[in-house]
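Report on the structure given below.
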Amino acid sequence: MYKFCLKIRRMIECKIIGIVYRIKKKITKISCYEVEVGNNTIDVVIPTLEKDLKIFPLAVEGIRQNVQHKIDTIYVVAPRSKAIEDISKKLSCKFIDERSVLGFTAEDFDYCPNGLDRSGWIFQQLLKLSGAIGENENFLVVDADTVILRKMIFLTDSKPIFYESMERHFPYYEFYRKLFGKERIHFFSFISHMTLFNKRYLKEMKTEIEEKFNKKWYEVILENLDPNEISCCAENETYPNWVNNRYGSKKCINFNRTVEYEKACDYNYLYNKYSKKNKSVSLHSWFIEKIKK
C-alpha cells in the first residue's frame, strides 16, 4: 500500500512540476544570462567516446562561439584512441587518458543493473566529480553530444548558474539522500547536459561524504549504486543540489532540445534551425535507438 501511495504522490508531483516548469519557461526570456558578468577564466572538460565523434566537433565549435567566459583549455577525457586523439589535436583540445585521472577505469568494476552494463556511464560521473582535470578553479563539463547555440554564462557574482530542466527522476534524489542524509531543496531538476564545477566546492562535498562513511568518496558512490535501477545517480543532480543547499546558486531555464542524431549536418544548420527557441541541442545516439523501437 505504501509503494502504491508513493507512486501516486510522485505522479501528481511530476504533473505539478511539469505545469509550473512550462509556465516558467514561457515567461522566461531565452536571452537570460547571455552577457558575462566579471572576468572569470574556466577550463572545459568533455568526456568522450568514439561513438560521439560525429557530434564532438560541433560541440567544441558551440563552446568556443558561445561560452561567455575566458576558456583556458578544453580537455577531452577519453579511453586511449587514435581517432579521439587525432581529432582532439586537430581541434586544439588537450587529450587526457581517462585511466590517468583516478587510476582505474570502468573495466575495473561491474555495474550491470537488469543485465545492462552501465559501468562506463558511472565512470564518466566519477571523472567529472574527481576535480582532477584542468588548472583553473572552475571547470565546465559539457556532454560530447550537446551543441550550444546561443551565448551562455555559468558563473556570475561569485555564484554558479545551474540550468534547470523538467526531468524528474526520483532515484537521483534518493541517491542524494543516501549520501548526505537530507533532501534536496530545489523544485526543478538540474539535468542540463552542461554543469559548472568548482574544485573547492567539490573537495568540500567529497570530504563530507568521506567523513560520514569513513571511505573514499568514489567507493561510497560505487557501494551505494542500486543494482535494480539503470539510472540511479547523476553527478549533475548530486553536485548542484549540494551547492544549492550549502551556498546557494543562480538558476536559469535550460532551453535545450533533443534532436535526431542524423540532423548533425553542420553547426550552421543546427543554429539556423534551432537557435531561435533553444540555447542548445542534444543529439543523443540513444535517442535514435529509442525512436526506432
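Condition check for ILE87 on (1) modelled with pLDDT under 75; (2) assigned to a helix (DSSP H, G or I): one failure, at (1).
Please name all residue pairs, on different chains or six or more residues apart, with Cβ atoms under 6 Å, provided the first residue is in segment 51-68 and is farther than 12 Å from THR146 by Cβ and the second residue is of a type in the set (Gly, Ala, Ser). The qualifying pairs are LYS51/SER285; LYS54/ALA264. The residues of segment 93-125 that are over 24 Å from VAL142 (Cα atoms) and in a loop (DSSP other than H, G, I, E, B), listed by number, are PHE109, ASP110, CYS112, LEU116. Mind listing whichever residues of segment 155-184 are β-branched (Val, Ile, Thr) and open to solvent by 60 Å² or more (accessible area, probe 1.4 Å)? Hits for segment 155-184: nothing passes.
The set of residues from segment 100-110 being more than 20 Å from the chain's Cα centre (by Cα) and surrounded by 13 or more Cβ atoms within 10 Å (Cβ to Cβ) comprises PHE104, PHE109. Please enumerate the residues belonging to segment 72-90 that are free of Cβ contacts under 8 Å to residues at least 40 places away in the same chain and surrounded by fewer than 18 Cβ atoms within 10 Å (Cβ to Cβ). Scanning segment 72-90 gives PRO79, ARG80, SER81, LYS82, ALA83, GLU85, ASP86, LYS89, LYS90. The set of residues in segment 211-228 that are in contact (Cβ under 8 Å) with a residue 24 or more places away in the chain and under 23 Å from SER130 (Cβ atoms) comprises LYS212, TRP217, TYR218, VAL220, ILE221, LEU222, ASN224, LEU225, ASP226.
Here is a check on your reading of the model: is GLU137 under 20 Å from PRO240 (Cα atoms), touching a strand residue (DSSP E or B) at 6+ places or on another chain (Cβ under 9 Å) and surrounded by fewer than 21 Cβ atoms within 10 Å (Cβ to Cβ)?
Working: under 20 Å from PRO240 (Cα atoms): yes; touching a strand residue (DSSP E or B) at 6+ places or on another chain (Cβ under 9 Å): yes; surrounded by fewer than 21 Cβ atoms within 10 Å (Cβ to Cβ): yes.
When the stated conditions are applied, GLU137 passes them.
The values are calculated or read from the model by the stated rules, or taken from the named source; none is laboratory data. Because the structure is a prediction, the values reported are computed rather than measured. Backbone-built Cβ (ideal geometry, glycine too); neighbour counts: all protein chains shown. Surface areas here come from the heavy atoms of the whole protein model, side chains and all, with no ligands, DNA or RNA. Shrake-Rupley method; radii C 1.70, N 1.55, O 1.52, S 1.80 Å.
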